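Quick notes on the structure that follows.
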Amino acid sequence: MEDLPEKCIIPNPYNIPIHDQGDKPSCSTQALAAMWEYELSGILEEQVLIDTDDLWEKQLKYGTANEHGDTIEDCIKISDKYGMLFRTESGKRGIFYREKGF
């Protein structure tokens, strides 16, 4: 078995920040948002940030998350149904749907 490197640098040309879930058990929300931020930033060729607080609140409101956490499957269901609020570095704002787009 090969030795693994001590550290790995993931390319981040659009300076996508590392999400901090704080005291919310929203790790799946944070992970899904980060994945889409990387993808959408590449498509739009500028930094795109997903509103993780909005996505988390939708999960709480529609019953796919609770004070104990969420799952990636349920997070995807909510984002597909209600979309994800986003903003770009240049100031564009909107809602992104995985299957419908912008």
**OP:** Quote to one decimal, in nm, the extra length available between PHE102 and ASP3 on full extension: 0.36 nm per residue of separation minus the C-alpha distance between them.
**Re:** 31.4 nm
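What are the semi-axes of the equivalent ellipsoid for the range 7-57, taken as the square roots of 5 times the Cα gyration tensor eigenvalues, largest first, in whole Å?
Equivalent ellipsoid of the range 7-57: 20, 14, 8 Å, largest first.
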Original post:
Over the chain, what percent of the accessible surface lies on carbon and sulfur atoms, probe 1.4 Å?
Top reply: 52
Original post:
Which whole-number value in Å² is the accessible area per residue of the chain, probe 1.4 Å?
Top reply: 69
Subject >> Backbone N within the range 45-68 under 15 Å of label point (7 Å from ARG87 Cα along the Cβ vector) >> reply: 47-55
Original post:
Given springs between every Cα pair under 10 Å in a Gaussian network model of the chain, which of ILE78, ILE16, ILE43 has the largest fluctuation?
Top reply: ILE43
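Kindly state, to the nearest 0.05, the FRET efficiency for ILE10 paired with LYS77, given R0 = 22 Å and r defined as their beta-carbon distance.
My answer for the efficiency is 0.20.
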**OP:** List the relative contact order of the chain as a percent without decimals, with contacts defined as Cα pairs under 8 Å and 6+ residues apart.
**Re:** 23
Subject >> Size of the chain as Cα extents on the principal axes (Å, biggest first) >> reply: 44, 34, 25
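The values are calculated or read from the model by the stated rules, or taken from the named source; none is laboratory data. Remember, it's a predicted structure, so these values are computed and weren't measured experimentally. Please note: Cβ atoms are built from the backbone with ideal geometry, for glycine as well, and neighbour counts cover all protein chains shown. What goes into the accessible areas is simple: the full protein's heavy atoms, side chains included, and nothing from ligands, DNA or RNA. Shrake-Rupley method; radii C 1.70, N 1.55, O 1.52, S 1.80 Å.
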